[in-house]
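Engineer: Sharing a structure below in structure tokens format, with a few things to ask.
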Amino acid sequence: MKHTFKDWFLATRPWSFPASAMPVLVTLFYLWWRGYELSWGFGIWAVLNVVIFHASGNTWSDYFDYKKGVDADDTYGNKTLTDGLFTSRQIRALALGLLIVGSVFGVTLICLTGWQLLFIGLGGLVCTLLYPFFKYRALGDVVIFMAYAFLPTIGTSYVAAGVIDWGVWVVGLPVGLITVSILHSNNLRDMQTDARAEISTFAALVGPKSSVVIYVLEVLLPFVSVVVSVALGWLPVAALLSLMALVPAWKACRVMLSYKSGGSDAIANLDQVSAQLQLVFSLLFSVGLVLGVLI
């Protein structure tokens, strides 16, 4: 079967890219508010680079999920391989190709900024390649937080501001928690089929009841974090604009709370809803930080 560029692009699950791009963008605006003289070009480069690694990680995970039987005809989510749109060899080639491109771009950025970035880049590479291994052993949530909260925010601080400002955690933590909720909702939905494939995710480890509570906390605690940070002067007052995202956040929580009565079908699309929430929250957060600079 001949594939178009659109086919290949859709195979990377582009709807999920805000999960990796937004932490970098929010960090850039936070650093701007802090008064750093930024290299915006390197900052945008970091956004593109993390998205490429994300695309590689998505397809790499799809390949292993299919080979291990995690993804099958009766599972939810991505159907790239289970519907025969691509062969497993094609998806593996796509994943490795994207990984090579991302690595080349990353090495170039290291040469232009500094060798310290190498450790952050290697961390991202390990997260990408070993994500399936950790995911099958209930550590996927930790890897996602590392890959889409800790490493991108710290790396962005280094490439854009020239220093590692640990204060970026004040934006990395709330955005990262919502990002992890995307995976957590996915794993709760797929708990039965994952058990059939003999893998153990964090959701399966803690059980359905605890998973529902954890999801609600992952979605709502970011708003508490923003309020506390503003009160302590760690963020501008305008960052409270992100509280407008409480509306879609509560809707997402209500969907999750319906799991008790509706089961997996009730939260079939909650991973995408959570991704949309992360995008809305991050955009409002970013606007608030920009207003903090301009006002």
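Engineer: Could you pull out the residue among GLY106, GLY114 that is buried (at least 21 other Cβ atoms within 10 Å of the Cβ) and over 22 Å from LEU183 (Cβ atoms)?
Structural biologist: Numbers: GLY114 fails: buried (at least 21 other Cβ atoms within 10 Å of the Cβ).
Exactly one of GLY106, GLY114 is buried (at least 21 other Cβ atoms within 10 Å of the Cβ) and over 22 Å from LEU183 (Cβ atoms), namely GLY106.
Engineer: Within region 1-28, track down each residue that is among the aliphatic types (A, V, I, L, M) and within 26 Å of GLY155 (Cα to Cα). Reasoning before the result, please.
Structural biologist: Residues of region 1-28 among the aliphatic types (A, V, I, L, M): 1, 10-11, 19, 21-22, 24-26, 28.
Residues satisfying the conditions are ALA19, ALA21, MET22, VAL24, LEU25, VAL26, LEU28.
Engineer: Working only within region 250-287, note down all residues that are in contact with a Phe, Trp or Tyr (Cβ under 7 Å, 6 or more places away or on another chain) and of a type outside the set (Ser, Thr, Tyr).
Structural biologist: Matches in region 250-287: MET256, ALA266, ILE267, ALA268, GLN272, ALA275.
Engineer: Just name the residue that is modelled with the lowest pLDDT out of those in region 48-91 that are of a type in the set (Ser, Thr, Tyr) and under 13 Å from LEU10 (Cα atoms).
Structural biologist: Taking the candidates together, the pick is THR80.
Engineer: While we're on this one: Mind checking which residues of region 15-37 are in a helix (DSSP H, G or I) and within 12 Å of the chain's Cα centre (by Cα)?
Structural biologist: Here is the first cut: in region 15-37, the ones in a helix (DSSP H, G or I) are 15-16, 18-34.
Within region 15-37, TRP15, SER16, PRO18, ALA19, SER20, ALA21, MET22, PRO23, VAL24 meet the criteria.
Engineer: Tally up the residues in region 21-48 that are farther than 22 Å from LEU294 by Cβ and of a type in the set (S, T, N, Q), please.
Structural biologist: Within region 21-48, residues that are farther than 22 Å from LEU294 by Cβ and of a type in the set (S, T, N, Q) number 0.
Engineer: Name the residue, out of ALA149, ALA138, ALA161, that is farther than 14 Å from ASN49 by Cβ, surrounded by fewer than 18 Cβ atoms within 10 Å (Cβ to Cβ) and either within 16 Å of the chain's Cα centre (by Cα) or not charged (D, E, K, R) (or both). Spell out the reasoning first.
Structural biologist: On the way: ALA149 fails: surrounded by fewer than 18 Cβ atoms within 10 Å (Cβ to Cβ); ALA161 fails: surrounded by fewer than 18 Cβ atoms within 10 Å (Cβ to Cβ).
Only one candidate qualifies: ALA138.
Engineer: Out of everything in region 265-295 that is in contact with a Leu (Cβ under 9 Å, 6 or more places away or on another chain) and β-branched (Val, Ile, Thr), what residue ends up being modelled with the highest pLDDT?
Structural biologist: Taking the candidates together, the pick is VAL287.
Engineer: Let me ask another. Being hydrophobic (A, V, I, L, M, F, W, C), surrounded by 15 or more Cβ atoms within 10 Å (Cβ to Cβ) and either touching a His at 6+ places or on another chain (Cβ under 9 Å) or not in a helix (DSSP H, G or I) (or both) narrows it down to one residue among LEU81, LEU94; which is it?
Structural biologist: None of the others qualify; the one that does is LEU81.
Engineer: A follow-up question, please. Only one residue in GLY102, GLY57, GLY41 is over 24 Å from PHE5 (Cα atoms) and assigned to a helix (DSSP H, G or I). Which one? Write out each step before concluding.
Structural biologist: Values: GLY102 fails: over 24 Å from PHE5 (Cα atoms); GLY57 fails: over 24 Å from PHE5 (Cα atoms).
Step by step, each of GLY102, GLY57, GLY41 is checked, and only GLY41 is over 24 Å from PHE5 (Cα atoms) and assigned to a helix (DSSP H, G or I).
Engineer: Turning to a different aspect of this structure: Only residues that are among the small types (Gly, Ala, Ser) and closer than 21 Å to VAL255 by Cα: list them for region 197-234, please.
Structural biologist: Taking region 197-234 first, the residues among the small types (Gly, Ala, Ser) are 197, 200, 203-204, 207, 210-211, 225, 229, 231, 233.
Hits for region 197-234 are ALA203, ALA204, GLY207, SER210, SER211.
Engineer: Which ones in region 187-197 are of a type outside the set (A, V, I, L, M, F, W, C) and either under 16 Å from VAL226 (Cβ atoms) or surrounded by fewer than 21 Cβ atoms within 10 Å (Cβ to Cβ) (or both)?
Structural biologist: From region 187-197, those of a type outside the set (A, V, I, L, M, F, W, C) are 187, 189-190, 192-194, 196; that's our starting set.
Listed by number, the residues that qualify are GLN192, THR193, ARG196.
Engineer: Kindly evaluate SER88 against the criterion of being more than 28 Å from ALA160 (Cα to Cα), in contact with a helix residue (DSSP H, G or I) (Cβ under 6 Å, 6 or more places away or on another chain) and among the polar types (S, T, N, Q).
Structural biologist: Numbers: more than 28 Å from ALA160 (Cα to Cα): yes; in contact with a helix residue (DSSP H, G or I) (Cβ under 6 Å, 6 or more places away or on another chain): yes; among the polar types (S, T, N, Q): yes.
Yes: the conditions hold for SER88.
Engineer: Pick out the one residue from LEU177, LEU173 that is surrounded by fewer than 24 Cβ atoms within 10 Å (Cβ to Cβ), in contact with an Asp or Glu (Cβ under 6 Å, 6 or more places away or on another chain) and part of a helix (DSSP H, G or I). Before the answer, list the steps.
Structural biologist: Values: LEU173 fails: in contact with an Asp or Glu (Cβ under 6 Å, 6 or more places away or on another chain).
Sole residue among the options that is surrounded by fewer than 24 Cβ atoms within 10 Å (Cβ to Cβ), in contact with an Asp or Glu (Cβ under 6 Å, 6 or more places away or on another chain) and part of a helix (DSSP H, G or I): LEU177.
The values are calculated or read from the model by the stated rules, or taken from the named source; none is laboratory data. Small disclaimer: the values here were computed from a predicted structure and weren't measured. Please note: Cβ atoms are built from the backbone with ideal geometry, for glycine as well, and neighbour counts cover all protein chains shown.
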